[in-house]
Amino acid sequence: MRVEEIAGTRVLFIDTDARPISTNEDTLNLISSAWAAHVDLVVVPAHRLDPRFFQLESLFAGDVLQKTVNYNLQLAVIGDINPYLAKSQALRDFVWESNRGNHVWFVTDEAALEKKLAPRHPAAETDNGT
């Protein structure tokens, strides 16, 4: 795991090479790591999430997201989720709605994440005093 500050937001990037997040205990461990690192946003590689996360009818995504919101954290899923999107209109709608809000985002890479974070903290942009 690594912690970075991006546009004034402390971000925890979860390791890409560990076992999938597939249980409530895994989710609580994720939250615990975020709290220990004093971050606002947790970034989870899409491939680290159990495939059930992308099958909304399983309710696993709801469980994960509800816990992160309850603990006042934001979550970003980073990576290619197109194979899941191709199979589910409901997931496409969910991703679209999530990306319009501030609690959960689905982004393709770190550049897209930085772009999402930039408007949140205009003071982090360069100020030439005018």
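Derivation of every value follows stated rules applied to the coordinates shown; laboratory data play no part. Since we're looking at a predicted model, the values are computed, not measured. Neighbour counts run over all protein chains shown; Cβ positions are idealised from the backbone, glycine included.
Segment V69..E114, full-extension length gain: 14.1 nm, with 0.36 nm per residue of separation and the alpha-carbon distance subtracted. Computed over the chain, relative contact order equals 24 percent, with contacts defined as Cα pairs under 8 Å that lie 6+ residues apart.
Label-to-label distance, D15 versus R100, with points set 7 angstrom from Cα along the beta-carbon direction: 3.8 nm.
What is the dipole size for the chain, taken about its Cα centre, with +1 at each Lys and Arg Cβ and -1 at each Asp and Glu Cβ, in debye to the nearest 20?
Working: 12 positive and 18 negative charges, 48 e Å.
Computed charge dipole of the chain: roughly 240 debye.
Shown in residue order for the stretch 101-118 are the 3J(HN,Hα) couplings computed by the Karplus curve 6.51 cos²θ - 1.76 cosθ + 1.60 at θ = phi - 60°: x, 10, 9, 9, 10, 10, 10, 7, 7, 5, 4, 5, 5, 4, 5, 5, 6, 3 Hz (x for Gly and Pro). Principal-axis analysis of the Cα atoms of the chain puts helix 24-37 at an angle of about 10° to the longest axis.
Is the stretch 2-120 rounded, prolate or oblate when judged by the Cα gyration tensor, a ≥ b ≥ c being the square roots of its eigenvalues, rounded requiring a/c under 1.5 and prolate requiring a/b larger than b/c? Taking the square roots of the gyration eigenvalues as a ≥ b ≥ c, the stretch 2-120 is oblate. The residues R92, R100, R48, when put in order of fewest to most other Cβ atoms within 10 Å, stand as R100, R92, R48.
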